[in-house]
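Laboratory data are not the source of any read-out in this text; all were calculated from the coordinates shown. Quantities reported herein were computed from a predicted structural model and do not represent experimental measurements. All Cβ positions, even for glycine, are placed from backbone atoms using ideal geometry, and neighbour counts span all protein chains on display.
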């Protein structure tokens, strides 16, 4: 997950699959099963999909100072 301080800017959604260079601060965070299920509910996932969530997930969050999309 890449976020920007004070939501100062956004990147286009069509950069999926492209290489990027990010400068900022990274934190490793573990998401609990409870949080993952809550997120899945918010995303409109089915009860079957939510029931499959049985273990926590390690996530890397970055607060970016800048992002460069490499073509």
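Over the range 2-70, the alpha carbon radius of gyration divided by the compact-protein estimate 2.2 N^0.38 Å works out to 1.36.
Dividing the summed -39500 (n - 2.57) terms of all DSSP H runs of n ≥ 4 by the residue count of the chain sets its mean residue ellipticity at 222 nm at -5500 deg cm²/dmol.
For the Cα atoms of the chain, what angle does the longest principal axis make with the long axis of helix 33-42, in degrees from 0 to 90, nearest 10? Helix 33-42 and the main axis of the chain meet at about 80 degrees. When only C-alpha pairs under 8 Å and at least 6 residues apart count, what is the relative contact order of the chain, in percent? Contact order relative to length: 56 percent. Most tightly packed first, judged by the mean number of other beta-carbon atoms within 10 Å of their residues, the peptides 23-29, 13-19 read 23-29, 13-19. The calculated FRET efficiency for the pair residue 43 and residue 71, based on their C-beta separation and a Förster distance of 22 Å, comes to about 0.10.
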